[in-house]
Amino acid sequence: MANIGKSISIKGDVVGDEDTILEGRVEGRVSLRNFHLTIGPNGDIQGEVSAKQVTVVGKIAGNVIASERIEVRETGRIQGDLIAPRLTVAEGAVINGAITMKEANALEKLRPAEKKIEPIAAPVAPLTSQKAS
């Protein structure tokens with residue numbers, strides 16, 4: 001298991017072949033395709049993230065793709081789109097972006113740089129109380 005400490009700042013891509021805990025700052029893409037990435041409470045990623053599993057306790061500003069699952073804990077903050085077959089969001093977590101639930105085999109064809117998600121937005125009529133006639 002790799003651990004990137006909170007005093008570490010990386011500008012560039014991070015690619016690895018082992019489970020990783022990130023407590024520092026990364027400005028660039030993080031790719032652990034077959035492994036678990038944990039963004040700790042001090043962790044801050046400015047870029048695309050792809051891994052088998054992603055657990056967010058810190059912050060991500062970028063799209064997140066997981067082939068198995070994404071878990072966003074109470075203090076987790078994500079500014080970007082999420083794609084995974086399973087998603088767990090704790091009360092208090094913040095996600096600002098589209099969420100797409102895809103089967104694991106469909107995710108293998110997606111790459112963060114090639115993928116574009118269009119948010120689905122439909123006008124919502126305000127709720128009004130109507131008396132029964």
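The figures follow:
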| item | result |
| --- | --- |
| Some residue of the stretch 97-112 being within 15 Å of the chain's Cα centre (by Cα), open to solvent by 100 Å² or more (accessible area, probe 1.4 Å), more than 17 Å from Glu23 (Cα to Cα) and at pLDDT below 95 | yes |
| Residue match in the stretch 36-51 (condition: of a type in the set (Gly, Ala, Ser), open to solvent by less than 30 Å² (accessible area, probe 1.4 Å) and outside any loop (DSSP other than H, G, I, E, B)) | yes |
| Given (1) exposed (fewer than 15 other Cβ atoms within 10 Å of the Cβ); (2) modelled with pLDDT of 95 or more, index of the condition Met1 fails | (2) |
| Residue match in the stretch 70-89 (condition: under 19 Å from Thr20 (Cα atoms), of a type in the set (D, E, K, R) and not in a strand (DSSP E or B)) | yes |
| Condition met for Ile65 (of a type in the set (A, V, I, L, M, F, W, C), assigned to a strand (DSSP E or B) and over 19 Å from Asn3 (Cα atoms)) | yes |
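The values are calculated or read from the model by the stated rules, or taken from the named source; none is laboratory data. These numbers come from a predicted model, not from an experiment. No Cβ is skipped: glycine too gets one built from the backbone with ideal geometry, and neighbour counts run over all protein chains shown. Surface accessibility is based on the protein's heavy atoms, side chains included, excluding ligands, DNA and RNA. Shrake-Rupley method; radii C 1.70, N 1.55, O 1.52, S 1.80 Å.
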